[in-house]
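*Asks:* Pasting a structure here, questions to come.
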Amino acid sequence: MSVSRRWVSDAVFSVLSVDSGQGRQGLVDALDYTSKQVGRGLQVLRNRGWVRLDGRLWFLTKAGLDARESGRVVRAGGKGRPRGIKTPKKRTFRQRAWAELRRSGKVTIPELLLVLDAGESKRRAHNLEEYFLRLEQVGILTRLRRRAKGGPLTSPGHVVWVIPEDPGPKAPIWRSTKSIIHDPNSGKDYPIEGRQS
Amino acid sequence: MKNKLVNTQNVKLFLAGILELERRGAREANMLMVVGDAGYGKTITVRRWADMSDAIYLKGRPKLSPNQVMEDLIWELGEKPKHTIGRMEKQARRLLMASQQPIVLDEAHFYLTDKASPLEMIRAVTETSENAVILVSTEEIQTTIRHFPPLWSRVIPTVVRMNPASLEDVSLFCSDLCEVTVADDLVREIYHHTEGRYRVIKNAVAIVEQFARRNRLERVTTADMVGEVIAHDWRDRSPLKVRKAKSRAKPRAGSV
């Protein structure tokens, strides 16, 4: 039977004590796991600072004892719900578009796509349209009254986007699940239904 | 019309200049000059490169001071500028060392005002980290910067000169951007009327495409478009029409 090592860690954690140490073979005999599994489990506990090795014997540390008494268990998985806003590490397409919008001062989406080498991509165009519309809703972007010429014969032209007040070099982040725009330059959040007061 | 950048001679020249800058022998010579008149693709080429290399892009403006330059630079590097010029200089050095981003100075002639103190400030903060600095301006900057030997010595000998489009460039524009086939004689006609200015060439290509759509043509020749307005003179905005084949013996004044 294959067992997640963290569950093995849980089992090992439950049998160790502060005062009397146990060797690895002893743990193997007591818990009915292989030596390799027990070894990995001990490593997990050691990484948390809950066990220590003294000679060839494993002891529970004070921190480990406190953790066990408070009901902590060792399980696989993440550290719980995400906390804080994560800014993307690599340059995303929207970040590149934001940088180019700031460089040019005012721009249409086709011009942006041209500079960003995505001129033929409808997916990219739609991505930017959606993003800019959200930024417009919260006042970070605005559109000029006149449109730029272009498009099919009957087209009224392309919208020209402008930043009325430059918030900074970091692109605003559209958090669609929370319906807010987060500005990483100032740390402010703008609810999409209205502007921040 | 397709929306893509055409790999013209000017683009190739620019990339060759960048390569020259990266391969330079003297480490302190970290500046490259890109010069050319308006309409030859200077700005779009540099902006495209700035996006690809994640460069810091600063634009010169009248009455620029070293203080303003430092504030702009630090703001672009993502921090709030400190209050004094000395502290801003240290702050900028630290940030540039960490990011190693190249810097593009558009309208670079404005950085040569007040005895070139704005550009001297840029030189001072990029000296240690050797960040590449691209100076974009008109031809006159070459004359002006020579008056400042400490700066002039830091510009690499290769100057990227953005030239008017050649016939090959116009042909490339037509084949890469136009949704219909443009015959060679019409390409020559476009070349003749546009005088190598990329904006005008692009407009001409758009006009040819619209003409083709209206008349349901897949291939357009000079004969199809005789008498049609193909471009407008960039000086006085007068319309320029496609000529008949036999009247093309004399070239227009000022054409290449």
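What follows is calculated from the coordinates using simple rules that are stated; it is not laboratory data. The shown structure was predicted, so the numbers you read here are calculated from the model rather than taken from an experiment. Here Cβ is always computed from backbone atoms with ideal geometry, including for glycine, and neighbour counts include all displayed protein chains.
*Asks:* Could you work out how far helix B:113-126 tilts from the main Cα principal axis of chain B, as a 0 to 90 degree angle to the nearest 10?
*Replies:* Here the helix axis deviates by roughly 70 degrees.
*Asks:* Let me ask you something else. With a cut-off of 8 Å between alpha carbons and a minimum separation of six or more residues, what is the relative contact order of chain A in percent?
*Replies:* Values: 251 pairs, mean separation 29.0, N = 197.
Worked out over chain A, it gives 15 percent.
*Asks:* Residue A:153 versus residue A:18, label points 7 Å from Cα toward the beta carbon: distance in nm?
*Replies:* 8.8 nm
*Asks:* Now for a separate question. Using only Cα atoms and rounding to the nearest 10 degrees, what angle (0 to 90) does helix B:9-22 make with the longest principal axis of chain B?
*Replies:* 20 degrees
*Asks:* Moving on. With a Förster radius of 56 Å, plug the Cβ-Cβ distance of residue A:144 and residue B:142 into 1/(1 + (r/R0)^6) and report the FRET value to the nearest 0.05.
*Replies:* Computed FRET efficiency for residue A:144 and residue B:142: 0.95.
*Asks:* Okay, next question. Can you put B:18, B:134 in order of Cβ neighbours within 10 angstrom, beginning with the fewest?
*Replies:* B:18, B:134
*Asks:* Residue farthest toward the positive end of the dipole of the protein assembly as shown, with Cβ of Lys/Arg at +1 and Asp/Glu at -1: which of A:42, A:98, B:118?
*Replies:* The residue sitting most towards the positive pole is A:42.
*Asks:* Specify whether the C-alpha gyration tensor of the range B:53-110 places it in the rounded, prolate or oblate class, a ≥ b ≥ c being the square roots of the eigenvalues: rounded for a/c under 1.5, otherwise prolate if a/b is larger than b/c and oblate if not. Write down the numbers at each step before the final one.
*Replies:* On the way: a/c = 2.24, a/b = 1.10, b/c = 2.03.
It comes out oblate by the Cα gyration axes.
*Asks:* Report, in deg cm²/dmol and to the nearest 500, the calculated mean residue ellipticity at 222 nm for the protein assembly as shown, where each DSSP H run with n ≥ 4 adds -39500 (n - 2.57) and the sum is divided by the residue count.
*Replies:* -13000 deg cm²/dmol
*Asks:* How about the range B:93-184: which trypsin sites (Lys or Arg not before Pro) there lie in a loop by DSSP and see at most 11 other Cβ atoms within 10 Å?
*Replies:* B:146
*Asks:* Hey, another quick one. Got a sec? Charge dipole of the range B:9-93, +1 on Cβ for Lys and Arg, -1 for Asp and Glu; which of B:91, B:33, B:53 is way out at the positive end?
*Replies:* The Cα lying farthest towards the positive end belongs to B:91.
*Asks:* Counting Lys and Arg as +1 and Asp and Glu as -1, each charge on the Cβ, what is the dipole of the protein assembly as shown about the Cα centre in debye, to the nearest 20? Kindly include the intermediate steps, with their values, before the conclusion.
*Replies:* Numbers: 79 positive and 52 negative charges, 192 e Å.
About 920 debye.
*Asks:* Any idea what log10 I(q)/I(0) is at q = 0.13 Å⁻¹ for chain B, Debye with uniform C-alpha scatterers and no solvent?
*Replies:* Rounded to two decimals, the profile gives -0.84.
*Asks:* So which trypsin sites (Lys or Arg not before Pro) in the range B:10-52 pass both tests, a DSSP loop state and at most 15 other Cβ atoms within 10 Å of the Cβ?
*Replies:* Passing both the DSSP loop test and the Cβ count: B:23, B:27.
*Asks:* Which residue, B:43, B:21, B:212, has the largest displacement toward the positive end of the dipole of chain B when charges sit on each Cβ (Lys, Arg +1; Asp, Glu -1)?
*Replies:* After comparing all options, I get B:212.
*Asks:* Looking at the calculated P(r) for the range B:120-230, what percent of the C-alpha pair distances fall above 18 Å? Display every interim value, and only then the final one.
*Replies:* Numbers: 3635 of 6105 pairs.
Considering the range B:120-230, 60 percent of its Cα-Cα pairs are separated by more than 18 Å.
*Asks:* Which of the GluC sites (Glu not before Pro) found in the range B:64-162 are in a DSSP loop and have at most 13 neighbouring Cβ atoms, other than their own, within 10 Å?
*Replies:* Passing sites in the range B:64-162 are B:139.
*Asks:* Work out the length of the dipole vector of chain B about its Cα centre, built from +1 on the beta-carbon of each Lys and Arg and -1 on the beta-carbon of each Asp and Glu, and round it to the nearest 20 debye.
*Replies:* The calculated dipole for chain B is roughly 440 debye.
*Asks:* Per the Kirkwood treatment, what hydrodynamic radius in Å, one decimal, follows for the protein assembly as shown from the mean inverse distance over all distinct Cα pairs?
*Replies:* By the Kirkwood definition, the hydrodynamic radius is 27.0 Å.
*Asks:* For an R0 of 22 angstrom, estimate the FRET efficiency from the Cβ-Cβ distance between residue B:244 and residue B:167 and round to the nearest 0.05. Mind showing how you got there, number by number?
*Replies:* On the way: r = 20 Å, r/R0 = 0.92.
That gives a FRET efficiency of 0.60.
*Asks:* Assuming R0 = 51 Å, can you tell me the calculated FRET efficiency for the pair residue B:54 and residue A:62, based on Cβ-Cβ distance, to the nearest 0.05?
*Replies:* 0.55
*Asks:* Using a simple spin-label model with points 7 Å from Cα along the Cα→Cβ vector, what separation in nm is obtained for residue B:68 and residue A:43?
*Replies:* 6.0 nm
*Asks:* Within the range B:115-136, list the residues whose amide N lies under 20 Å from a label point set 7 Å along Cα→Cβ of residue B:28.
*Replies:* What the label zone holds, given the 20 Å backbone N cut-off, is B:116-135.
*Asks:* Evaluate peptide A:94-105: per residue, the Cβ atoms of other protein chains within 10 Å of its Cβ; return the mean as an integer.
*Replies:* Mean shielding count: 3.
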